Ligand SMILES: [Zn+2]
């Protein structure tokens, strides 16, 4: 069989749009920021949000025209998708796409019959935990979570921070389990409890690594009543129930629940900033961020020191312009003694001890002085803004105007110099 010429392969690849191809293969996609998400067709997925399609409208260098599943790690472009999903050979995938995009490939018929559509898994009701469960765990707070809460109380808070600690704990609905584990409720932004994580802490404030974290619906007694297997379980970010209560607050997201509570109490001022936790480095997922994006909230991600790159990647994939990885606190406050695995709360606690205060962040984009720009343009000829902005014709025009004005000023200045030197000017 003759090989398909390279230039035709290239033309087909350039024409192929991942969002079309995935939709053609019976995967329903919905918009999530600039991305699209749906159920992953490569594993038994019941959870919209793990399978991300970065559409062809996104530039290639920013991962455009690709798909990726964060659970089974399936990934690639339109051709890979067809090869994996429809079990086509590479040439047949090219022929399939050629047919779709009206590009003549060769005369070999596509060896491909569409498979019967996969039956969609029956939808399960989403687990909803009665609020009485929350109340009950909070009533045994005093005696049960005594190790964790007394560690928190003994931190070197200032008077204001100490005064609001109990309120902070109540706000986050921190409860206790009968065996002394702390209960961190995950209540969604509409106020419905969806899950709760149970964790044991040691007197030094660290987690007891010998006791695995558990989920409330798996505990004896709860399992029978909540029936987690018959439900879809969603896990909103810890602290999501505060979203609607503080509609203007910037959303800070950290890894651990403990860190969120400490930072919330450290800064107070819930009207301007609230603290949410995703539960760990790997748990920052698109579907749990979606309610925040839907509300148009500003999101600052505060990964632990060793998690920056990973969260930056998530942030890039998210493609939501009001989300960024916040590093100023680390950059200005972290010290060697905090260690390479430090999270923001570790640093905040050290600063409470030493009396250091975090520095306010300078505005990132200081207004640029026209003079600076002119010097920049003329002296080293570098674009004064990033290349993408330079592509904007308005910026190019502005730059040209500035250059002309600069030349005009220079010749005027040269003229006045002559005057200073005593030459006669009319
Ligand atoms: Zn998958």
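Coordinate-derived values only; no laboratory data. Just so it is clear, the structure is predicted and the values come from calculations on it, not from any experiment. As a convention, Cβ positions derive from the backbone with ideal geometry for all residues, glycine included, and neighbour counts pool all protein chains shown.
Taking 7 Å along the Cα-to-C-beta vector as the label spot, tell me the residue 321-residue 223 distance in nanometres, rounded to one decimal. Placing both labels 7 Å along Cα→Cβ, they lie 5.0 nm apart. Subtracting the Cα-Cα distance of residue 245 and residue 272 from their residue separation scaled by 0.36 nm leaves 8.6 nm.
The simple Förster model, with R0 at 30 Å and r as the Cβ-Cβ distance, assigns residue 47 and residue 209 a FRET efficiency of 0.60.
Extension gain, residue 159 to residue 83: 0.36 nm times the residue separation minus the Cα-Cα distance gives 21.0 nm.
For a paramagnetic label modelled on residue 283 (point 7 Å from Cα along Cα→Cβ), amide N atoms under 19 Å away belong, within the stretch 225-250, to 228-229, 232-243. Please work out whether the stretch 138-198 counts as rounded, prolate or oblate from its C-alpha gyration tensor, where a ≥ b ≥ c are the square roots of the eigenvalues and a/c under 1.5 means rounded, while otherwise a/b larger than b/c means prolate and anything else oblate? Note, shape of the stretch 138-198 comes out oblate.
Residue exposure proxy: 246, 266, ordered by other Cβ atoms within 10 angstrom of their Cβ from fewest to most, comes out as 246, 266. Binning all Cα-Cα separations of the stretch 14-72 at 5 Å, short to long from zero, yields these whole-percent fractions: 4, 21, 33, 25, 13, 4, 1. Working from label points 7 Å from Cα in the Cα-to-Cβ sense, the residue 60 to residue 230 distance is 5.3 nm. Here, P(r) means the percent of Cα pairs in each 10 Å bin from 0 to the largest distance; for the stretch 143-237 it is 15, 42, 32, 10, 2. On the principal axes of its alpha-carbon atoms, the stretch 1-121 has extents of 43, 34, 21 Å, going from largest to smallest. Here the calculated FRET efficiency for residue 166 and residue 295, from their Cβ-Cβ distance with R0 = 22 Å, stands at 0.20, rounded to the nearest 0.05. Calculated on the Cα set of the stretch 226-279, radius of gyration then Dmax: 13.1, 41 Å.
Using the Cα coordinates of the stretch 198-316, the gyration tensor eigenvalues translate into equivalent-ellipsoid semi-axes of 25, 19, 16 Å, sorted from longest to shortest.
Dimensions of the stretch 268-315 based on its C-alpha atoms, expressed as ranges along the principal axes with the largest first, amount to 30, 25, 16 Å.
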